[in-house]
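The values are calculated or read from the model by the stated rules, or taken from the named source; none is laboratory data. Small disclaimer: the values here were computed from a predicted structure and weren't measured. Positions of Cβ are generated from backbone atoms using ideal geometry, with glycine treated the same way; all protein chains shown enter the neighbour counts.
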Amino acid sequence: MEAIKVALTKEQVDCYALPPGLKAKAGCSTRGKFVEAYGEHVFEVEALEPSELQRIVRAAIDGVLDLAMFNAEVDQEKQDAADLENIRRRAHAAIMEATR
């Protein structure tokens, strides 16, 4: 498993012309590297419209999710739950019969 940066990327900041929120914290130990890589300003993901953020996140998920495999797993979990329920009912019936 690996993490994928979905939002907020420098490309998204440029594409959406997002307004800068704050400046990088002066006392932060990683400030130098941050400013070197991204500049002085800090941008917040909340600056994106919620619907656009949702679209970005969904596209990222769809880009890495094997939907057929996911759906097969969901179907298997439903079948497993039904099988366990049948076992529970039979066990309950057997216990009730044995205690009569």
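Things to note:
- A single member of ALA72, ALA60, ALA81 is out of contact with any Cys (no Cβ under 8 Å at 6 or more places or on another chain) and touching a residue at least 40 places away in the same chain (Cβ under 8 Å), and it is ALA60.
- The range 10-23, residues that are in a loop (DSSP other than H, G, I, E, B) and either loosely packed, with under 14 Cβ neighbours inside 10 Å or touching a Pro at 6+ places or on another chain (Cβ under 9 Å) (or both): ALA17, PRO19, PRO20, GLY21
- When we screen ALA60, ALA72, ALA26 for residues that are exposed (fewer than 11 other Cβ atoms within 10 Å of the Cβ) and of a type outside the set (D, E, K, R), the only hit is ALA26.
- Sole exception among (1) surrounded by 10 or more Cβ atoms within 10 Å (Cβ to Cβ); (2) without any contact (Cβ under 8 Å) to a residue 40 or more places away in the chain; (3) aliphatic (A, V, I, L, M) for LEU53, by number: (2)
- For ARG100, the criteria (1) part of a helix (DSSP H, G or I); (2) loosely packed, with under 10 Cβ neighbours inside 10 Å hold in every case but one, which is (1).
- Only one of the numbered conditions (1) surrounded by fewer than 12 Cβ atoms within 10 Å (Cβ to Cβ); (2) of a type outside the set (Gly, Ala, Ser); (3) at pLDDT below 90 is violated by PHE34, and that is (1).
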